[in-house]
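The values are calculated or read from the model by the stated rules, or taken from the named source; none is laboratory data. The model shown is predicted, which means the values in this text are computed figures rather than measured ones. Glycine gets a Cβ as well: all are built from the backbone with ideal geometry, and neighbour counts include every protein chain shown.
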Amino acid sequence: MRSPRWLTQFYERATLRRRTVGKLRVPSGKLLICDISGGCKERDAIEVPAGDYWIVVEMGKPTKENPFFQRIVRRAIITNRRIDDSELIQVGKVGVDMARIVVADCADFLNYSEAEGPERIGCVSTARENRVKSLLSERFKLTFYRFNIVTARCREPINDDLKNQILAYLRSFPEYARNTHIHFYVETCSTWDRVNRFNKPFGMLPIDSKKSASLAVIESGFGDGVYPIYARRGSGGATEVEVHFHDATTEEFVNSFAVLNS
């Protein structure tokens, strides 16, 4: 027997917390939810009434037994805050390969997102070793600084010609011949780069120079996977859309941390 709705809501208020990510303008009436690394396509957009939408994330409340739970985004909710008692039904799925999704107006995203930005920052992976950095310093007289625990950045700008020379040089080494782009790549501050470098669990990111268009970046629960998208459909389209990152399988995973910490 299912619990009464009031009891379910009381339990959720007691164990979960909500945080407002921000307000998203959706003038086109098409809401895009996607992983930017896999391509965001217009055919995947969800029809909604044009207007402003509030984006909210639902997270677990930290407990002494399970402090890890507070960091997990269980659900992303996109709503225009109109009362809608229609049933929540599944309308699609979103595949995630970079541990986060973006939520945007479809037209704004297609018009303003940049495949290539103005910068030319050479990046070397130092996750396993520093040899690539040493090779490029010796061969091309480049200097590097540590950007984070797994990446070193080149101080000199890397134009396309130099980029191609570096990649060709690295391919001459058997250990770097495959997946060369993992060992060296160039960031240009494109929309993909900015989303990839976003270092918060969630937030809003402007995508046009006037900052009138933006997208939301939200960490996808436990990372990569395929997550269901649900919606409440009114006469003019979906008035509320949800992405669920948490289910019975991940509940068992979360509970295991409480056991380990007990």
Residue, farthest from residue 210 (Cα to Cα), within the stretch 113-127, restricted to residues that are modelled with pLDDT of 90 or more and among the hydrophobic types (A, V, I, L, M, F, W, C): 124
For the subset of the stretch 122-166 comprising residues that are assigned to a strand (DSSP E or B) and aromatic (Phe, Trp, Tyr), which member is nearest to residue 193 (Cα to Cα)? 147
Under 28 Å from residue 110 (Cα atoms), in contact with a strand residue (DSSP E or B) (Cβ under 9 Å, 6 or more places away or on another chain) and not assigned by TED's automatic domain parsing to the domain that holds residue 36, is that true of residue 166? no
Filter the stretch 180-238 for residues that are outside any loop (DSSP other than H, G, I, E, B) and small (Gly, Ala, Ser); which is nearest to the chain's Cα centre (by Cα)? 216
If I filter the stretch 112-129 for residues that are in contact (Cβ under 8 Å) with a residue 60 or more places away in the chain, touching a helix residue (DSSP H, G or I) at 6+ places or on another chain (Cβ under 6 Å), closer than 17 Å to residue 173 by Cβ and not small (Gly, Ala, Ser), do I get at least one hit? yes
List pairs: first in the stretch 42-55 and surrounded by 14 or more Cβ atoms within 10 Å (Cβ to Cβ), second part of a helix (DSSP H, G or I), Cβ under 6 Å, 6+ apart or cross-chain? 45/106
Is there a residue being among the hydrophobic types (A, V, I, L, M, F, W, C) and free of Cβ contacts under 8 Å to residues at least 24 places away in the same chain anywhere in the stretch 239-253? yes
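To keep it simple, each residue is scored yes or no on (1) within 15 Å of residue 215 (Cβ to Cβ); (2) surrounded by 15 or more Cβ atoms within 10 Å (Cβ to Cβ).
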residue: 129; (1), (2): no, no
residue: 136; (1), (2): no, yes
residue: 147; (1), (2): no, yes
residue: 154; (1), (2): no, yes
residue: 162; (1), (2): no, yes
residue: 166; (1), (2): no, yes
residue: 201; (1), (2): no, yes
residue: 205; (1), (2): yes, yes
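Out of all the residues in the stretch 206-219, which are in contact with a Leu (Cβ under 9 Å, 6 or more places away or on another chain) and in contact (Cβ under 8 Å) with a residue 60 or more places away in the chain?
207, 214, 215, 216, 217
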